[in-house]
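Comments concern the structure below.
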Amino acid sequence: MSKNMPDGGMPIALTLDPGTYFRCTCGKSQNLPFCDESHSSTGQLPITFKIKKRQKVYLCGCGSSGDQPYCDGSCGVSPAGRE
Ligand code: FES
């Protein structure tokens, strides 16, 4: 994932319903933090992840997490409350 994500470099807290999601990794999406297929000319692919039950998640917005697409605290901000 790019280290220059336009997501503010902070964890992104969202409550998601069950389903399959595609996290943008190229930064060109008009629907951040999710993919809108704008990556086609970048050579990057979105990260696919599944949510099994409605829950709050913290998506990485800095690109440093070792647990993509989730924040692992590498940004210096604790993803407290992560479920
Ligand atoms: S936002 Fe990337 S590790 Fe926290």
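The values are calculated or read from the model by the stated rules, or taken from the named source; none is laboratory data. If you're wondering where the values come from, they're calculated on a predicted model, not measured in any experiment. Counting neighbours? That spans all protein chains shown, and the Cβs are built from the backbone with ideal geometry, glycine included. With ligands, DNA and RNA removed, areas are computed over all heavy atoms of the protein, side chains included. Shrake-Rupley method; radii C 1.70, N 1.55, O 1.52, S 1.80 Å.
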remark   = In nm, the gap between the two label points placed 7 Å beyond Cα toward Cβ at L45 and S74 is 1.9
request  = Using a 1.4 angstrom probe on heavy atoms only, work out the carbon and sulfur share of the accessible area of the chain in %.
outcome  = 47
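Which order do the peptides 42-48, 67-73 take when ranked by the mean count of other beta-carbon atoms within 10 Å per residue, highest first? Could you put the intermediate results ahead of the total?
Numbers: 42-48: 13.6, 67-73: 18.0.
Packing proxy ranking, top to bottom: 67-73, 42-48.
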query = Can you tell which of A13, P69, I51 lies farthest toward the positive end of the dipole of the chain, using +1 and -1 charges on the Cβ of basic and acidic side chains (Lys, Arg; Asp, Glu)?
reply = I51
remark   = Regression test value, accessible area per residue of the chain, probe 1.4 Å, units Å², expected 57
query = What percent does the relative contact order of region 1-72 come to when contacts are Cα pairs within less than 8 Å and at least six residues apart?
reply = 41
